[in-house]
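I have placed the structure first, in the form of structure tokens, so that the comments after it can refer back to it.
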Amino acid sequence: MDVNLSVKDIYWTISNHMQGIIIFQHQQWSIYKDYPDYSIVHISIQQQPLWRVLRLGQCL
């Protein structure tokens, strides 16, 4: 199922039973593989100064 919806925040409970995948800029991230079962993940859009992105990378 594809969902094309803009939201400010996502609070997501990760589970191996659901096997959620995030698709962003033609890349897939199987998020359930990187977190323990029933972890709560907060996903949001945040603007960062350019120096911070260059120093720390894009994902914080």
For SER15, residues with placed amide H under 5 Å, excluding near neighbours | GLY20, TYR38
So how do 27-38, 2-13 stack up, highest first, on mean other-Cβ count within 10 Å?
-> 27-38, 2-13
What does the charge dipole of the chain about its Cα centre add up to, to the nearest 20 debye, if the Cβ of each Lys and Arg holds +1 and the Cβ of each Asp and Glu holds -1?
-> 280
Lys and Arg at +1, Asp and Glu at -1: neighbours of ILE45 with Cβ under 11 Å from its Cβ sum to 0
Asserting the computed 222 nm helical MRE of the chain (DSSP H runs at least 4 long, -39500 (n - 2.57) per run, divided by residue count, to nearest 500) equals -3000 deg cm²/dmol
Given the protein chains as shown and a 1.4 Å probe, how many square angstrom of LEU56 are accessible, to the nearest 10?
-> 100
Dipole check, the chain, charges on Cβ (K,R +1; D,E -1), about Cα centroid: among SER15, ASN4, SER44 the Cα furthest to the positive pole belongs to SER44
So the FRET efficiency between ASN4 and TRP51, C-beta based with R0 = 22 Å and rounded to 0.05, is 0.10
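The values are calculated or read from the model by the stated rules, or taken from the named source; none is laboratory data. This is a predicted model, so every value here is computed, not measured. Using ideal geometry, Cβ is built from the backbone for each residue, glycine included, and neighbour counts are taken over all protein chains shown. Please note that ligands, DNA and RNA were not included when accessible areas were found on the heavy atoms of the full protein model with its side chains. Shrake-Rupley method; radii C 1.70, N 1.55, O 1.52, S 1.80 Å.
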